[in-house]
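Novice: Quick one: this structure, given as structure tokens, is what I'll be asking you about.
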């Protein structure tokens, strides 16, 4: 605490010194410009415009230097929180849900924002080393922290400060609210439940996809088993009915295949199964010469 007070005092002194030095330097510059413009015989309008431009540019430069000094001191400022809570959960505790509500409450209650090196767990985390994010409410180009802070597990608040805000509102408005500890635990449980719901949804989607794949494989296996049964019966039928020198053509095989396949609900003859049959039957009973001539005596259909 003593170090924090010293750093805060040094920061204030440094910003004040830079502001004073800047104002004095700007004043001398304005006087020099007025003398220069007057010695050259410039019109009053030109002199006034130059002076106004110098004041605006110099004022912005002084302001930026003061801001940079302020944030430079804050950047190196370490903090240790006895109890820390994620920024998103702190906003839920003070009933701030929309982005603009969160920003308004941070400004209204002067809530300090901190950033840690390690990810914080849900709920209250004790003894947290962090850095204060002094640029959180800075305008324009210092707003990079606001883009990622809400919802991040690395941005947090002092739980005691949040609890004091809740107690103050309770006393001021007579609102019956949960105690800070209970509210923090409830929020942590809500976060855990939300994560469990998310994981459950993912597992359900995985299971649905796996069930779909299993169903397709089961259907394919049933089709394969039906074709295997047809091939066995077809081999038996052709062996008994076709005797050398007679042989059977590819079309004859397909015709017999469909005749047997009707029993198993097969309406099409896959070429792969026909090729399997032809390649594994005795060569002398298979017609390998393509489509037979009309009226051939060596054909069995």
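The values are calculated or read from the model by the stated rules, or taken from the named source; none is laboratory data. This one's a predicted model, so the numbers in the text were calculated from it and none came from an experiment. For neighbour counting, all protein chains shown are included, and Cβ atoms are generated from backbone atoms with ideal geometry for every residue, glycine included.
Novice: Does residue 260 fit the bill of being part of a helix (DSSP H, G or I), in contact with a helix residue (DSSP H, G or I) (Cβ under 9 Å, 6 or more places away or on another chain) and more than 16 Å from residue 286 (Cβ to Cβ)? Steps first, please.
Specialist: Values: part of a helix (DSSP H, G or I): yes; in contact with a helix residue (DSSP H, G or I) (Cβ under 9 Å, 6 or more places away or on another chain): yes; more than 16 Å from residue 286 (Cβ to Cβ): yes.
Yes: the conditions hold for residue 260.
Novice: A further question follows. Given the criterion farther than 28 Å from residue 107 by Cβ and either at pLDDT below 85 or outside any helix (DSSP H, G or I) (or both), identify the matching residue among 218, 172, 201. Steps first, please.
Specialist: Working: 218 fails: either at pLDDT below 85 or outside any helix (DSSP H, G or I) (or both); 172 fails: farther than 28 Å from residue 107 by Cβ.
Of 218, 172, 201, the one residue that is farther than 28 Å from residue 107 by Cβ and either at pLDDT below 85 or outside any helix (DSSP H, G or I) (or both) is 201.
Novice: Of the residues 62, 85, only one is surrounded by 16 or more Cβ atoms within 10 Å (Cβ to Cβ), within 30 Å of residue 114 (Cβ to Cβ), at pLDDT 80 or above and assigned by TED's automatic domain parsing to the domain that holds residue 105; which? Break it down into steps so the answer makes sense when it comes.
Specialist: Values: 62 fails: assigned by TED's automatic domain parsing to the domain that holds residue 105.
The conditions single out 85.
Novice: Right, another one. Restricting attention to region 146-169, which residues are crowded, with 19+ Cβ neighbours inside 10 Å and modelled with pLDDT under 80?
Specialist: 146, the sole residue that qualifies.
Novice: If you scan region 99-121, which residues turn out to be in a helix (DSSP H, G or I) and either in contact with a strand residue (DSSP E or B) (Cβ under 6 Å, 6 or more places away or on another chain) or outside the structural domain of residue 168 (by TED's automatic domain parsing) (or both)? Before you say what the answer is, go through the steps one by one.
Specialist: The initial filter retains those residues of region 99-121 that are in a helix (DSSP H, G or I), namely 99-108.
Within region 99-121, no residue meets the criteria.
Novice: Would you be able to say whether some residue in region 255-265 is in contact (Cβ under 8 Å) with a residue 12 or more places away in the chain and surrounded by fewer than 11 Cβ atoms within 10 Å (Cβ to Cβ)?
Specialist: yes
Novice: Please pick out the residue among 96, 90, 14, 72 that is under 40 Å from the mean Cα position of the chain (by Cα), at pLDDT below 85, surrounded by 12 or more Cβ atoms within 10 Å (Cβ to Cβ) and assigned to a helix (DSSP H, G or I).
Specialist: Numbers: 96 fails: assigned to a helix (DSSP H, G or I); 90 fails: at pLDDT below 85; 14 fails: under 40 Å from the mean Cα position of the chain (by Cα).
Testing whether each residue is under 40 Å from the mean Cα position of the chain (by Cα), at pLDDT below 85, surrounded by 12 or more Cβ atoms within 10 Å (Cβ to Cβ) and assigned to a helix (DSSP H, G or I) leaves just 72.
Novice: Here's another thing I want to ask about it. Go through region 238-250 residue by residue and tally those that are surrounded by 15 or more Cβ atoms within 10 Å (Cβ to Cβ) and assigned to a helix (DSSP H, G or I).
Specialist: Total meeting the criteria: 2.
Novice: If you go through region 85-112 one residue at a time, how many are touching a helix residue (DSSP H, G or I) at 6+ places or on another chain (Cβ under 6 Å) and touching a residue at least 40 places away in the same chain (Cβ under 8 Å)?
Specialist: At the first step, the residues of region 85-112 found to be touching a helix residue (DSSP H, G or I) at 6+ places or on another chain (Cβ under 6 Å) are 85, 87, 89-94, 96, 102, 109.
Those still in the list that are touching a residue at least 40 places away in the same chain (Cβ under 8 Å) too: 85, 87, 89-94, 102, 109.
Final tally of qualifying residues: 10.
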